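Student: Have a look at the structure that comes next, please.
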Amino acid sequence: MHRVILLIGGNEGDCYENIKRAKRLIEERLGDVVLESSLFESEPWGFMHPQNFINQVLELKCDLSPQQILGIGQHIEKELGRMAKTIAGYEGRTMDIDILFYDDMIIDQVNLVIPHPKMHERRFTMLPLVEKWSDFIHPVFKKGMNQLLDQCKDEGWVRRVMA
């Protein structure tokens, strides 16, 4: 079984309901959720949008490959109403499922990079990681999540909204 850490969330539709539905589908199709962070609200990162994001980090135990997780995750996103991008760059979405870690593997493929290449630049990712996985060592940077959060230059606001 593999240890997989995902970031899920979105800012369109009923974000809280979408998180619940995403977790249910993840458990049905990817693996058992063994640990989850609180929910965190944050302003959009890298673009302007009137709606804030709700995000959560999940740890799974599963026997799927990273490519299988990516494909199933993208299917779940579409099932929950995620539309194809209409512009270059970031935009609002009903659901986004990012693979942050897959065991301690380093994967660099055209359509998949693990650990997630921008996670350490985003407070909305680092705060939930520090909440439950503070001692986890990033396999590329060889630093714990606390250290990466301390070095994060993102000044966007993020707040815990539910335990």
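The values are calculated or read from the model by the stated rules, or taken from the named source; none is laboratory data. Keep in mind that this is a model prediction, so the values were computed, not measured. Neighbour counts run over all protein chains shown; Cβ positions are idealised from the backbone, glycine included. Heads up: the accessible areas ignore ligands, DNA and RNA and are worked out on the full protein's heavy atoms, side chains in. Shrake-Rupley method; radii C 1.70, N 1.55, O 1.52, S 1.80 Å.
Student: Hey, can you tell me all the residues within the range 119-137 that are farther than 15 Å from residue 99 by Cβ, at pLDDT below 95 and hydrophobic (A, V, I, L, M, F, W, C)?
Tutor: 124
Student: Would you be able to say whether some residue in the range 76-83 is at pLDDT 95 or above, open to solvent by less than 30 Å² (accessible area, probe 1.4 Å) and either out of contact with any Gly (no Cβ under 9 Å at 6 or more places or on another chain) or over 16 Å from residue 58 (Cβ atoms) (or both)?
Tutor: Within the range 76-83 (the criterion being at pLDDT 95 or above, open to solvent by less than 30 Å² (accessible area, probe 1.4 Å) and either out of contact with any Gly (no Cβ under 9 Å at 6 or more places or on another chain) or over 16 Å from residue 58 (Cβ atoms) (or both)), the answer is yes, since at least one residue qualifies.
Student: Could you look through the range 10-28, keep only residues that are modelled with pLDDT of 95 or more and surrounded by 16 or more Cβ atoms within 10 Å (Cβ to Cβ), and pick out the one that is nearest to residue 99 (Cα to Cα)?
Tutor: Filtering first and then ranking leaves 26.
Student: With the requirement that a residue be of a type outside the set (A, V, I, L, M, F, W, C), buried (at least 16 other Cβ atoms within 10 Å of the Cβ) and over 13 Å from the mean Cα position of the chain (by Cα), what does the range 122-138 give you?
Tutor: Those that are of a type outside the set (A, V, I, L, M, F, W, C), buried (at least 16 other Cβ atoms within 10 Å of the Cβ) and over 13 Å from the mean Cα position of the chain (by Cα): 131, 132, 138.
Student: Regarding the range 89-109, can at least one residue be identified that is in a helix (DSSP H, G or I), touching a His at 6+ places or on another chain (Cβ under 9 Å) and at pLDDT 95 or above?
Tutor: So far as the range 89-109 goes, no, none of its residues is in a helix (DSSP H, G or I), touching a His at 6+ places or on another chain (Cβ under 9 Å) and at pLDDT 95 or above.
Student: Still on this structure, please answer the following. Find all pairs meeting these conditions: Cβ atoms under 8 angstrom apart; at least six residues apart or on different chains; first residue within the range 119-148 and free of Cβ contacts under 8 Å to residues at least 12 places away in the same chain; second residue buried (at least 17 other Cβ atoms within 10 Å of the Cβ) and not in a strand (DSSP E or B).
Tutor: 135/145; 144/136; 144/138
Student: Give the number of residues within the range 29-72 that are modelled with pLDDT of 95 or more, small (Gly, Ala, Ser) and buried (at least 19 other Cβ atoms within 10 Å of the Cβ).
Tutor: Selection size over the range 29-72: 2.
Student: Against the definition (surrounded by fewer than 16 Cβ atoms within 10 Å (Cβ to Cβ), free of Cβ contacts under 8 Å to residues at least 24 places away in the same chain and over 13 Å from residue 7 (Cα atoms)), how does residue 108 come out, yes or no?
Tutor: Yes; evaluated as a whole, the condition is true for this residue.
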